[in-house]
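What follows is a set of notes on a single structure, which appears directly below.
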Amino acid sequence: MSTTNRPRDPHSLSDDIIAMSIGPSHPAMRCPIKLNAAVAGDHITSMQVELGFMHRGFEKMAEYTPYNELIDLVDRLNPVNSPSNALTFVTAVEKLMGVEIPERIAYLRMVFAELARMASHFDCIATAAIELELTKLKLLMSESLNVLLDTIETHMFRPSFGGISCSLDDNFSGFIRQLFAFVSSRSMEGRRYMSQGGIFHKRLAGYGTVTSQRALEAGFSGPNLRASGIEYDLRRHCPYWLYPKVGFQIPTGTNGDCYDRYVTRLYEIEQSMLIIEQCLDRMARLDDEQVACAALPVAVKPQGEIYFAVESAEGELGYFIVGRGEDKPYRLHIRPPGLAEAGALADVLTGEQMEQIVPLMGSFNLSGAELER
Amino acid sequence: MNDFSATLKKACSEAILAEQNSPDGIVMTIKADKIRQVFETLAGRGTSDGRMLLTDISAVNIEENDCRFELYYHVFLIDLHLRLTLKCRVEGDKIDSIADIMPAALMPEREIFDMFGLKFRGHGNLPRLFMHNDFEGHPLLREYPLMKRQILLEQTKFE
Amino acid sequence: MIIFWITVKALTIFIIMAMLIASAATVAGRRINGQSITLGQFSLGRMLRLYLTQPTANFIKLLFKENSSPSYAISDIYKAAPYLSVAAVLMILGVIPFGDEADLGGTIVKLRVAAFDSSVPAMLILLVPAFYGPILAGYSSDSKPGLIGSIASLGNLVSHFVTLCVAVLGILAVFGSAALHEIAAMQSGPITAWGIIYQPLGFILFTLSALLLGHDMPNGSAGGWNRIADWRVEYTGLRLAMISAPGSLLNVIVSMLAVTLYFGSCHIPWLEWSKLSSLLGTGTSGGIILMLMQISVFVIKTYLLCLLMLYMRTLIPRLRGQDGMLLGWKVLLPVALANLALTAVIISLIK
Amino acid sequence: MGIERILAGKNNPLGKLAGKIINLARSNSLTPYIFHTGGSNSRIISRLEAESRLAELGLNEPCFSPRQADLLIVAGPLNTRMASALRFVYDQMPEPRWVMALGDNACDGGIYKNYAVVEGVAQIIPVDVEVRGCPPSMEDIIAGLERLRKIIRERNLSDDYPPKPESADKK
């Protein structure tokens, strides 16, 4: 047995420390990260995180592909929350070229971005439910997840510069209301499962706590930061599209532990439904002669540099584009929403038990492809 | 917004070269060796005008003769709703690290070293972030060919 | 003649057990919790496929799989662990009575393998080696997650085994005898003779601790850390089948025990087997029919209880390591002791 | 066990019959180990597990350790660093093992033509069945499984026991 017999660690629970590496291809963990942990008994004494197992050289490839082909490439980065990447990239290029999009397009983009956010939150809670064997909660969450992903696939085809190509028949708002009746009943029942005193609360409350000061320093973003009590949401602090015209609250947690992160996501699902309903009402009231697509310059050859960030489901998703007037971007850098959390994972997990690794990692909702591009 | 930039200019006047407004904030060009001083003043004033969040550091490999890299530090001031981008051009391939002032810079700096080979002085340990350890060269440099693969196969390396 | 009947009994026991275990394991494997099998989907073809052909295909495949073992494993313990865990659990079958007597043309055949006075404590003692298998496998197969998983699950097994024994003591107090076949015989006649009437709380404790006992044995639970840090990671082929046998075997055997102790092992309420045998005539054919009826009653009861336990297993969410053990020591054990004291007081009052 | 070695001997009738039975059993109970490198088909993987039609095709529950697996399903583009993890997993699998590459990314690197992605899983481990499509539809996967089962049924028993028993250490 290759137990590393280091000098006895005074405050470790047991005297011999086993060096263990939890391999990258792990069925229980959704995104392949290699954890080299030193384990005393059941507790982790120290841990290093190794990334890079899903790095696909996206940014280098982006320098060799023209802009409109990039939209499909960007779509592949995050399987669950795919529209958010494409919409962000398209808006960043429009801002770089100084193109203003009409209101109808902005409302449509907001609808699909919020649908993607709900899908990603349901997916995150479903993986936690699998780990805790709460099969009823898992069924609730994955049903609504599949329904949402199907609606996104059937209704939204491909965003284009200055517009969005999607098939919206007239009873789309009726269909969405019926969808929300289905989804909100699921999330209400899910909330009953995750209430205080339940197994979900007892198992996850108090573990993996990140104080608001620590989260701010480490550069967290999105639900992980809000769970620690800091009300920072790009839709409110640095608004884009037409979010100022839509009213919604920002749910924040209190003590930033694993339980708060999951519950913040659950409350955000309600807010997203609120936003979508308001967008649909405003879109109906728009006068119809709005042009379907914005006036585009003859060819997409932006000049200059821009950093445009969007509040995606996992955190702040930013696109930094440097254009030199050719049809290919000179440099395309994506601010990955989960990188800061992956960096801070090592000292969030130290001191925890081995069993808590999977739920704690799941609470940050790291999506591997987007994290390592 | 402008009172903030005025106070910052007064605090470290010789560091800031130019300043212009971008759609949702300010873009300032700074001298590369004054980067630590700027962040110390920013962090020092962090409590007075609201919390500060270092979102990201982006690097661009420009092929001008004198300098090869241009760094963009994206900082967001939460209470002022202001996005501050600090641009600086790097001569040579070394620059001071700000990881001890802002821990959020740990991962972006490791990634920039891994992808561009730009070393950060004073950063604790600077292992490669994505590529495996015996990967020669830095992929995102212009001269690195797109299709050159270095597959890691030996199991001992992986263990 | 006697040897012939013993081999027949052993064969029937083995066939019944193999089918029970295979079907229970497949049902558990088919994740009765995740993808609930609604009655609508049941067609005879699917039923046959799920309970008969699939387990046999699995068995044959595992038989011809390569038996590779990790190079750094301690090979002799590594090879011994599967046999030990299966042998211990199968020995308990010898103690459980499958039915009453049946006379076949003069010779009386007792439907049980071994019948000695202290068979209940013997059964409990034979349950213990089933827990050695995981420990030996985890230690000797040089996989660190396996080692940690086996030690964690041993703690869980011990804490719930104590409550299991105390719950069984309640039944001994009620029936006054420690022999399984006597307890089974006493439960014939009206339904009030069944053990569960006297010991409802005892039955609940028995099944709950049995569930929590086997809960950490990775079986059928989808995903999760428990499926990785388990001790059977390094086993392939038939050894894998044998090392994972306690998982589903324990489930079947505990439901068998529950049937004999609490639900009147082979007796149908208000029906005396002796009255029926006179009706069927004393020839060997009558005796054989009687024997088959007794065994089928016992098997049906076990099967229902086994499915009930499999379903109950899906209701228990995964407790954290300590919570499971704390539940065992702090909650179940005191309740079991209180139940034992209560029965003692009632019995002394009746006398 | 020596019996198979005798059975697998040169064309004795019993060997042929035994081979058919064993192959039938093997093709009807395949335990897949899903080597998940993320990417566009993570939804396909969850549907793969919940698909009831696959039970008819003899696909068991996905297992959690390569030691217990017969079929290795590789999904998603393979990173150059992940290649050694794939090789490590493939070596751990016991002998009669098969590999199925799921999706364009796994078969030949798909749209990722760059330094970080290996051009197809076949460069690292021998692949038996390739399922095209990005993401591959359910029908393609089932057709792929049918092809795989045909390969298993046509295998004769002597393939398990090459004349010189390879003593490669499995660790």
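For B:F116, state whether it is over 30 Å from B:D3 (Cβ atoms) and in contact with a His (Cβ under 8 Å, 6 or more places away or on another chain).
On the way: over 30 Å from B:D3 (Cβ atoms): yes; in contact with a His (Cβ under 8 Å, 6 or more places away or on another chain): yes.
It is true that B:F116 is over 30 Å from B:D3 (Cβ atoms) and in contact with a His (Cβ under 8 Å, 6 or more places away or on another chain).
State which residue is surrounded by the most Cβ atoms within 10 Å (Cβ to Cβ) when the search covers only region D:138-154 and only residues that are among the charged types (D, E, K, R) and part of a helix (DSSP H, G or I).
D:R149
Using the structure shown, decide if A:L77 is surrounded by 23 or more Cβ atoms within 10 Å (Cβ to Cβ) and outside any loop (DSSP other than H, G, I, E, B).
Working: surrounded by 23 or more Cβ atoms within 10 Å (Cβ to Cβ): yes; outside any loop (DSSP other than H, G, I, E, B): no.
Spelling it out, it is not the case that A:L77 is surrounded by 23 or more Cβ atoms within 10 Å (Cβ to Cβ) and outside any loop (DSSP other than H, G, I, E, B).
Can you tell me which residue within region C:106-126, out of those that are surrounded by fewer than 20 Cβ atoms within 10 Å (Cβ to Cβ) and among the hydroxyl-bearing types (S, T, Y), is modelled with the highest pLDDT?
C:S118
Considering region B:51-78 alone, what residues qualify as being within 13 Å of B:F4 (Cβ to Cβ) and either among the small types (G, A, S) or more than 9 Å from chain A (Cβ to nearest Cβ) (or both)?
Result: B:V75, B:L77.
Which condition number does B:E136 fail, the rest of (1) closer than 28 Å to D:L78 by Cα; (2) within 12 Å of chain A (Cβ to nearest Cβ); (3) of a type outside the set (V, I, T) being met?
Against the list (1) closer than 28 Å to D:L78 by Cα; (2) within 12 Å of chain A (Cβ to nearest Cβ); (3) of a type outside the set (V, I, T), B:E136 comes up short only on (2).
Can you confirm whether C:A137 is in contact (Cβ under 8 Å) with a residue 60 or more places away in the chain, within 14 Å of another protein chain (Cβ to nearest Cβ), assigned to a helix (DSSP H, G or I) and within 30 Å of C:S71 (Cβ to Cβ)? Walk me through it before giving the result.
Numbers: in contact (Cβ under 8 Å) with a residue 60 or more places away in the chain: yes; within 14 Å of another protein chain (Cβ to nearest Cβ): yes; assigned to a helix (DSSP H, G or I): yes; within 30 Å of C:S71 (Cβ to Cβ): yes.
Judged against the criteria, C:A137 is a match.
If you go through region B:86-113 one residue at a time, how many are touching a residue at least 40 places away in the same chain (Cβ under 8 Å) and either in contact with a His (Cβ under 7 Å, 6 or more places away or on another chain) or not charged (D, E, K, R) (or both)?
Matching residues across region B:86-113 total 12.
In this structure, is B:I151 without any contact (Cβ under 8 Å) to a residue 40 or more places away in the chain, surrounded by fewer than 21 Cβ atoms within 10 Å (Cβ to Cβ), within 10 Å of chain A (Cβ to nearest Cβ) and not acidic (D, E)? Spell out how you get there, then give the answer.
Values: without any contact (Cβ under 8 Å) to a residue 40 or more places away in the chain: yes; surrounded by fewer than 21 Cβ atoms within 10 Å (Cβ to Cβ): yes; within 10 Å of chain A (Cβ to nearest Cβ): no; not acidic (D, E): yes.
When the stated conditions are applied, B:I151 does not pass them.
Might you let me know whether region A:281-289 holds any residue that is in a helix (DSSP H, G or I) and either farther than 28 Å from A:V99 by Cα or at pLDDT 90 or above (or both)? Even if it seems obvious, please write down each step before you answer.
Taking region A:281-289 first, the residues in a helix (DSSP H, G or I) are A:281-285.
Filter once more, keeping what is either farther than 28 Å from A:V99 by Cα or at pLDDT 90 or above (or both): none.
No.
For the subset of region A:111-153 comprising residues that are crowded, with 22+ Cβ neighbours inside 10 Å and among the acidic types (D, E), which member is farthest from A:I199 (Cα to Cα)?
A:E114
Within region A:154-178, track down each residue that is within 27 Å of A:L70 (Cα to Cα) and either assigned to a helix (DSSP H, G or I) or within 14 Å of chain C (Cβ to nearest Cβ) (or both).
Quick first cut of region A:154-178, residues within 27 Å of A:L70 (Cα to Cα) only: A:154-168.
Scanning region A:154-178 gives A:T154, A:H155.
Quick one: which helices (runs of 4 or more DSSP H) lie wholly within region A:318-373 and hold at least 2 residues that are at pLDDT 85 or above? Can you show your working first?
Details: elements: A:339-349, A:357-363, A:368-372.
Answer list for region A:318-373: A:339-349, A:357-363.
Could you tell me how many of the residues in region A:22-54 are of a type in the set (G, A, S), more than 19 Å from A:L339 (Cα to Cα) and touching a Leu at 6+ places or on another chain (Cβ under 7 Å)?
2
Tell me, which residue of region D:134-150 that is at pLDDT below 85 and within 18 Å of the chain's Cα centre (by Cα) is farthest from D:R81 (Cα to Cα)? Give the steps one after another, and end with the answer.
Of all residues in region D:134-150, those at pLDDT below 85 come to D:134-138.
If we keep only those that are within 18 Å of the chain's Cα centre (by Cα) too, we end up with D:136, D:138.
On the way: D:P136: 25, D:M138: 29 Å.
Going through the qualifying residues, I end up with D:M138.
If B:M28 meets every condition in (1) surrounded by 18 or more Cβ atoms within 10 Å (Cβ to Cβ); (2) more than 14 Å from every other protein chain (Cβ to nearest Cβ); (3) not hydroxyl-bearing (S, T, Y) apart from one, which number is that one?
(2)
Which members of region A:80-104 meet the condition of being under 16 Å from A:G315 (Cα atoms) and assigned to a loop (DSSP other than H, G, I, E, B)? So that I can check it myself, show each step before the final result.
Taking region A:80-104 as the starting set, the residues that turn out to be under 16 Å from A:G315 (Cα atoms) are A:80-89.
The answer is A:V80, A:N81.
Which residues, counting only those in region B:98-107, are surrounded by 22 or more Cβ atoms within 10 Å (Cβ to Cβ) and touching a Lys or Arg at 6+ places or on another chain (Cβ under 9 Å)?
Correct list: B:I98 only.
Within region B:100-113, can one find any residue that is over 16 Å from the mean Cα position of the chain (by Cα) and more than 8 Å from chain A (Cβ to nearest Cβ)? Break it down into steps so the answer makes sense when it comes.
We begin by selecting, within region B:100-113, every residue over 16 Å from the mean Cα position of the chain (by Cα); these are none.
No, region B:100-113 contains no residue that is over 16 Å from the mean Cα position of the chain (by Cα) and more than 8 Å from chain A (Cβ to nearest Cβ).
Which of the helices (runs of 4 or more DSSP H) found entirely inside region C:225-288 contain at least 2 residues meeting this: more than 14 Å from chain D (Cβ to nearest Cβ) and modelled with pLDDT of 75 or more?
On the way: elements: C:237-243, C:245-262, C:273-280.
Of the helices (runs of 4 or more DSSP H) lying wholly inside region C:225-288, those with at least 2 residues that are more than 14 Å from chain D (Cβ to nearest Cβ) and modelled with pLDDT of 75 or more span C:245-262.
Could you list, in sequence order, all residues of region D:60-86 that are more than 21 Å from B:R128 (Cβ to Cβ) and part of a helix (DSSP H, G or I)?
The answer is D:P66, D:R67, D:Q68.
Can you pull out the residues in region A:28-56 that are of a type in the set (V, I, T) and under 17 Å from B:L106 (Cβ atoms)? Walk me through it before giving the result.
Initially, region A:28-56 is screened for residues of a type in the set (V, I, T), giving A:33, A:39, A:44-45, A:49.
Across region A:28-56, the qualifying residues are A:I33, A:V49.
Going by the conditions given, is A:M61 in contact with a helix residue (DSSP H, G or I) (Cβ under 8 Å, 6 or more places away or on another chain), outside any loop (DSSP other than H, G, I, E, B) and either at pLDDT below 75 or closer than 30 Å to A:G323 by Cβ (or both)?
On the way: in contact with a helix residue (DSSP H, G or I) (Cβ under 8 Å, 6 or more places away or on another chain): yes; outside any loop (DSSP other than H, G, I, E, B): yes; either at pLDDT below 75 or closer than 30 Å to A:G323 by Cβ (or both): yes.
Yes.
With respect to the numbered conditions (1) more than 14 Å from chain B (Cβ to nearest Cβ); (2) at pLDDT below 90; (3) under 30 Å from A:K95 (Cα atoms), which one is the sole condition not fulfilled by A:N255?
Unmet for A:N255, out of (1) more than 14 Å from chain B (Cβ to nearest Cβ); (2) at pLDDT below 90; (3) under 30 Å from A:K95 (Cα atoms): (3).
Has region C:127-135 got at least one residue that is closer than 30 Å to C:S188 by Cβ and either surrounded by fewer than 21 Cβ atoms within 10 Å (Cβ to Cβ) or at pLDDT 80 or above (or both)? Don't jump to the end; show me each part of the working.
Just the residues of region C:127-135 that are closer than 30 Å to C:S188 by Cβ, to begin with: C:127.
Next cut, either surrounded by fewer than 21 Cβ atoms within 10 Å (Cβ to Cβ) or at pLDDT 80 or above (or both) only: C:127.
Looking through region C:127-135, at least one residue is closer than 30 Å to C:S188 by Cβ and either surrounded by fewer than 21 Cβ atoms within 10 Å (Cβ to Cβ) or at pLDDT 80 or above (or both).
Given the conditions (1) at pLDDT 85 or above; (2) crowded, with 20+ Cβ neighbours inside 10 Å, report the number of the one that B:V90 does not fulfil.
(2)
Within region A:133-140, does at least one residue satisfy the condition of being of a type outside the set (A, V, I, L, M, F, W, C), assigned to a helix (DSSP H, G or I), out of contact with any Leu (no Cβ under 7 Å at 6 or more places or on another chain) and modelled with pLDDT of 85 or more? Talk me through it step by step, then tell me what you get.
Taking region A:133-140 as the starting set, the residues that turn out to be of a type outside the set (A, V, I, L, M, F, W, C) are A:133, A:135-136, A:138.
Narrowing further to those that are assigned to a helix (DSSP H, G or I): A:135-136, A:138.
The next check asks that each one be out of contact with any Leu (no Cβ under 7 Å at 6 or more places or on another chain); those that pass are A:135-136, A:138.
The next check asks that each one be modelled with pLDDT of 85 or more; those that pass are none.
No: region A:133-140 contains no residue that is of a type outside the set (A, V, I, L, M, F, W, C), assigned to a helix (DSSP H, G or I), out of contact with any Leu (no Cβ under 7 Å at 6 or more places or on another chain) and modelled with pLDDT of 85 or more.
Return yes when D:L71 is surrounded by fewer than 20 Cβ atoms within 10 Å (Cβ to Cβ) and at pLDDT 70 or above and no when it is not.
So D:L71 fails the test.
Mind listing just one residue for me: the one in region B:12-25 that is within 16 Å of A:F308 (Cβ to Cβ) and at pLDDT 80 or above and, of those, farthest from the other protein chains (Cβ to nearest Cβ)? I'd like the intermediate steps shown before the answer.
So in region B:12-25, the residues within 16 Å of A:F308 (Cβ to Cβ) come out as B:21-25.
Right, trim to at pLDDT 80 or above and you get B:21, B:25.
Working: B:N21: 13, B:G25: 8 Å.
Among those that are within 16 Å of A:F308 (Cβ to Cβ) and at pLDDT 80 or above, it is B:N21.
Okay, residues lined up against (1) part of a helix (DSSP H, G or I); (2) within 21 Å of the chain's Cα centre (by Cα); (3) over 30 Å from C:I316 (Cα atoms):
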| residue | (1), (2), (3) |
| --- | --- |
| A:A128 | yes, yes, no |
| A:V147 | yes, yes, no |
| A:I152 | yes, yes, yes |
| A:F180 | yes, yes, yes |
| A:V183 | yes, yes, no |
| A:E189 | yes, no, no |
| A:R203 | yes, no, no |
| A:G206 | no, no, no |
| A:E217 | yes, yes, yes |
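The values are calculated or read from the model by the stated rules, or taken from the named source; none is laboratory data. For clarity, every value in this text was computed on a predicted model and none was experimentally measured. Ideal geometry is used to build each Cβ from the backbone, glycine not excepted, and the neighbour counts take in all protein chains shown.
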